[in-house]
1. Being out of contact with any strand residue (DSSP E or B) (no Cβ under 7 Å at 6 or more places or on another chain) and closer than 14 Å to residue 158 by Cβ is the filter here; which residues of the range 121-138 pass it?
2. From the list 160, 172, exactly one residue is over 28 Å from residue 38 (Cα atoms), over 12 Å from the mean Cα position of the chain (by Cα) and at pLDDT 95 or above. Which is it?
3. From the list 272, 200, pick out the single residue that is part of a loop (DSSP other than H, G, I, E, B) and either buried (at least 20 other Cβ atoms within 10 Å of the Cβ) or touching a helix residue (DSSP H, G or I) at 6+ places or on another chain (Cβ under 6 Å) (or both).
4. Please state which one of 36, 43 is in contact with a strand residue (DSSP E or B) (Cβ under 8 Å, 6 or more places away or on another chain) and crowded, with 18+ Cβ neighbours inside 10 Å.
5. Please give the number of the condition residue 3 fails out of (1) at pLDDT below 95; (2) out of contact with any strand residue (DSSP E or B) (no Cβ under 7 Å at 6 or more places or on another chain); (3) surrounded by 18 or more Cβ atoms within 10 Å (Cβ to Cβ).
6. Quick one: residue 228 ticks every box in (1) touching a helix residue (DSSP H, G or I) at 6+ places or on another chain (Cβ under 9 Å); (2) within 15 Å of residue 273 (Cβ to Cβ); (3) assigned to a helix (DSSP H, G or I) except a single one, so which number is it?
7. Please work out which residue is surrounded by the most Cβ atoms within 10 Å (Cβ to Cβ), limiting yourself to the range 121-157 and to residues that are in contact (Cβ under 8 Å) with a residue 24 or more places away in the chain and in a loop (DSSP other than H, G, I, E, B).
8. Report whether or not residue 86 is in the same structural domain as residue 219 (by TED's automatic domain parsing) and within 30 Å of residue 269 (Cα to Cα).
C-alpha cells in the first residue's frame, strides 16, 4: 500500500510539472524564409546571467526556473528573438510581465495577459513569461512577430492563478497593477517616498485615475500591524514629515517630498494610499 501511495504521488508530481521551455519553443514553425542560424540557448536556475545581458537578478527574485532563447533570421538580415521563461509559479510570471506596463503599449489577448509595443510582444500564461522581439519594425518582420507570438501562446497552459488578495485591491478596470516580490522589482516602480518607512517585500503598486495604492502583503495580521507601527515610528523621526495624524488602524502624513498619504492596516496587508 505504501509503495502504491508513493507511486501515485510521484505520478502526480510528474503530471503537474511544467514543460521545459526549450521543448515548447522547438515546436514552433517559422514562416518560409525564416531560419535559425544557431541552436537555441538555454539557462537553468544559476546561469541565467549567461543568457541575458542584465536583469537576471530580477527574474531570480521572483523565482526563476529555466529559460530558452531562440533567434531567427531571414535573407534580408532581419532578426527575431524568442524568449520563454519558466518561473516558480504563475504570480512570478505575472509579476515579471506586469513591470513591463510602461510607456506606449496596446493590450492584447495572448495567454493570460499580453502587451504589444512598437517592435515586440510580451505575455504571460501559467508559469511562463514570454517575449517575441523583432529587431526591425518593417511590416513583414512585425507580422512574423505577431504570428510566432500567437503560436507560442497557443502552446502554453492558461491555468495561472493569482493570489486571492489581489481581488481586495481597488478595481474599476482602469488601473495598472504591478506585482513585486522584493526590492529589485520595487526599484523598477514609481511610488511615494513614504515607502521608505517600510521594509519592502511582496506587494502591488496599483495606479489609477488620481490615486496610487501601494499594498504590502505580510505573512500574518500581527506582522502587518508591526510593520505599520514601525512605519509610524519612522515617520515620526524622519525630518520633513508634516501633518502627522494617527487614527485607528493607521495614520496619515505628508512625506518629505510632499506626498499626502494614508497608511491603513487590514488583515495581512498594509496600504499606503496616495490620492
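1. Looking only at the range 121-138, we keep the residues that are out of contact with any strand residue (DSSP E or B) (no Cβ under 7 Å at 6 or more places or on another chain), and these are 125-126, 136-138.
Listed by number, the residues that qualify are 125, 126.
2. Numbers: 172 fails: at pLDDT 95 or above.
Answer to the selection: 160.
3. Numbers: 272 fails: part of a loop (DSSP other than H, G, I, E, B).
Checking each option against the conditions leaves just 200.
4. Details: 36 fails: crowded, with 18+ Cβ neighbours inside 10 Å.
On inspection, the qualifying residue turns out to be 43.
5. Against the list (1) at pLDDT below 95; (2) out of contact with any strand residue (DSSP E or B) (no Cβ under 7 Å at 6 or more places or on another chain); (3) surrounded by 18 or more Cβ atoms within 10 Å (Cβ to Cβ), residue 3 comes up short only on (3).
6. Evaluating residue 228 over (1) touching a helix residue (DSSP H, G or I) at 6+ places or on another chain (Cβ under 9 Å); (2) within 15 Å of residue 273 (Cβ to Cβ); (3) assigned to a helix (DSSP H, G or I) leaves (1) as the failure.
7. Narrowing the range 121-157 to residues in contact (Cβ under 8 Å) with a residue 24 or more places away in the chain: 121-136, 138, 140-141, 144-153, 155-157.
If we keep only those that are in a loop (DSSP other than H, G, I, E, B) too, we end up with 126-127, 135-136, 138, 155-157.
On the way: 126: 21, 127: 23, 135: 15, 136: 16, 138: 11, 155: 16, 156: 25, 157: 14.
My answer is 156.
8. Numbers: in the same structural domain as residue 219 (by TED's automatic domain parsing): no; within 30 Å of residue 269 (Cα to Cα): yes.
So residue 86 does not fit the description; no.
The values are calculated or read from the model by the stated rules, or taken from the named source; none is laboratory data. These numbers come from a predicted model, not from an experiment. Please note: Cβ atoms are built from the backbone with ideal geometry, for glycine as well, and neighbour counts cover all protein chains shown.
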